[in-house]
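In what follows, a single structure is set out as structure tokens and then discussed.
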Amino acid sequence: MYYNESTVLFLDGKFTKAVDAKLDLFSQTLHYGYGVFEGIRAYQTINGTKIFKPGEHFERLRRSCSLMRIPMNYSVEELTQLSYQVLERNNLSDAYLRPLVFCSPNMSLTAPKEVSVMIAAWDWGKYFSSAALRVCISSFQRPNPKSLKVEAKACGHYVNSILATMEAKERGFDEALMLDMNGFVAEGPGANFFFEKDGTLYTPPLGNILPGITRHTVIDICRELDIPTVEKYFRPEELFEADSAFFCGTAAEITAIESIEGQAFHKPWKKSLGRVMQEAYQNIVLDKSYSDVIV
Ligand code: PMP
């Protein structure tokens, strides 16, 4: 699904066939989740293949490394160029890119001496299979910023995400919405969250969530289209009074939420601000203008 016999990836300064690439089983990342990664999309635009916001993603990768104190020497420009080469060598245009920084063999809980950088890409359509998601409130909280560097996109943090998504599916839902350690709504296991109420979009502030690049893009679109946005802490009960809601993320793009804990939003998605964001976001990633999107 992610690679075949001819897939090429970048690993430690070289382009290598994915089937020949090797990982040392004593990697500190494999045992302890101590590594960082990114999730980036490329699109076939009217101006050719374009990676969406590579600067922002690779800045975040570098920041994740520095927060986790993982040494990594590639610059944003080098990582961007290497990513374009991975796409080209695999003949990919609409694709998902996965840069991963993982550590050398070390079974101690000490700083890594050497790190490896991998960049792989594959064809990845829609992240969610259904058009609008039935979401539950997870029993799992997002990690406490006093335990982990929550603003880093670190491998080990996704154990929490996997547990939350599995629980949601076991309960018959499509996805989970997770709270922070104070009981305020935080984010999805792999996406940020917005809700609409009386013409304004609300989202949790930075601090207990991953600073999403799509979240930032949504806020920019709102500024451009004169749609008020408010970053504030809110409890899940407030969502039962909301008009509509959506998840946003690189993989998820803008995904409608149909209901929370079985309670459906009354506003049709077609008339929601989420739908406006969905249309504007598609235009931006495809390098088209979005000023004509009808609010
Ligand atoms: N929160 C979490 C926990 C995520 O994994 C992601 C996906 N990277 C996001 C939010 C959205 O971030 P972005 O828009 O940068 O993809």
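The values are calculated or read from the model by the stated rules, or taken from the named source; none is laboratory data. All of these numbers come straight from a predicted model, not from anything done at the bench. Using ideal geometry, Cβ is built from the backbone for each residue, glycine included, and neighbour counts are taken over all protein chains shown. Ligands, DNA and RNA are excluded from the accessible area calculation, which covers all protein heavy atoms including side chains. Shrake-Rupley method; radii C 1.70, N 1.55, O 1.52, S 1.80 Å.
Once the 1.4 Å probe is applied to the protein heavy atoms, the chain comes out at 48 Å² accessible per residue.
Using R0 = 25 Å, the C-beta based FRET efficiency linking MET166 and LYS146 works out to 0.45. Rolling a 1.4 Å probe across all protein chains gives GLU88 an accessible area of roughly 150 Å².
Taking 0.36 nm per residue of sequence separation and removing the Cα-Cα distance, the ALA111/ARG69 pair yields an extension gain of 14.4 nm.
For the range 1-71, chymotrypsin sites (Phe, Trp or Tyr not before Pro) are listed when DSSP marks them as loop and at most 13 other Cβ atoms sit within 10 Å of their Cβ; the list is TYR2, PHE26. Along the chain, the longest continuous region that contains none of the trypsin sites (Lys or Arg not before Pro) in a DSSP loop with at most 16 other C-beta atoms within 10 Å is 172-231.
The shape of the range 66-113 can be summarised by an equivalent ellipsoid whose semi-axes, obtained from the alpha carbon gyration tensor, come to 28, 12, 9 Å from longest to shortest. As a calculated quantity, the FRET efficiency between ARG89 and GLN263 at R0 = 45 Å, using C-beta atoms, amounts to about 0.40. Here the relative contact order of the chain, from alpha carbon pairs under 8 Å that lie six or more residues apart, stands at 18 percent. Hydrodynamic estimate: the Kirkwood radius of the range 239-290 over Cα pairs, inserted into Stokes-Einstein at 25 °C and 0.890 mPa s, corresponds to D of 210 µm²/s. Our estimate of slack between VAL76 and ASP226, defined as 0.36 nm per intervening residue step minus the Cα-Cα distance, is 50.8 nm. With Cα atoms as the point set, the range 58-167 shows a radius of gyration and Dmax of 16.7, 45 Å. Couplings 3J(HN,Hα) for the range 156-170, derived from phi with the Karplus relation 6.51 cos²θ - 1.76 cosθ + 1.60 (θ = phi - 60°), are x, 5, 7, 5, 4, 5, 5, 4, 5, 5, 4, 4, 4, 5, 4 Hz, where x marks Gly and Pro. Working note: Karplus 6.51/-1.76/1.60 with θ = phi - 60° gives the range 60-74 the couplings 5, 4, 5, 5, 4, 4, 5, 4, 8, 6, 9, x, 8, 9, 6 Hz, where Gly and Pro are set to x. Counting only the Cα atoms, the range 132-285 fills a convex hull of 100 Å³ per residue. Treating r as the C-beta distance of GLU241 and ASN283 and R0 as 35 Å, the FRET efficiency rounds to 0.70.
Within the accessible surface of the range 8-122, defined with a 1.4 Å probe on protein heavy atoms only, the carbon and sulfur portion equals 52 percent.
Summing Cβ point charges (Lys, Arg +1; Asp, Glu -1) relative to the Cα centre of the chain gives a dipole of roughly 500 debye.
Taking label points 7 Å from Cα along the Cα-to-Cβ direction, LYS22 and ILE46 give a separation of 5.0 nm.
Computed about its Cα centre, the charge dipole of the range 132-285 is approximately 260 debye, with only Lys, Arg, Asp and Glu carrying charge at their Cβ.
Over the C-alpha atoms of the range 28-84, the Rg to Rh ratio, Rh being the Kirkwood estimate, stands at 1.06. Size descriptor for the chain, Kirkwood hydrodynamic radius: 20.0 Å (Cα pairs only, one decimal). Counting protein heavy atoms only, the range 132-285 has 51 percent of its accessible area on carbon and sulfur, 1.4 angstrom probe. For the range 275-285, putting each phi into the Karplus relation 6.51 cos²θ - 1.76 cosθ + 1.60 with θ = phi - 60° gives couplings of 5, 4, 4, 4, 5, 5, 5, 4, 5, 5, 5 Hz, in residue order, rounded to whole numbers and with x for Gly and Pro.
Positive-end ranking of GLY55, ILE137, PHE184 along the dipole of the chain, with charges on Cβ about the Cα centre, is headed by GLY55.
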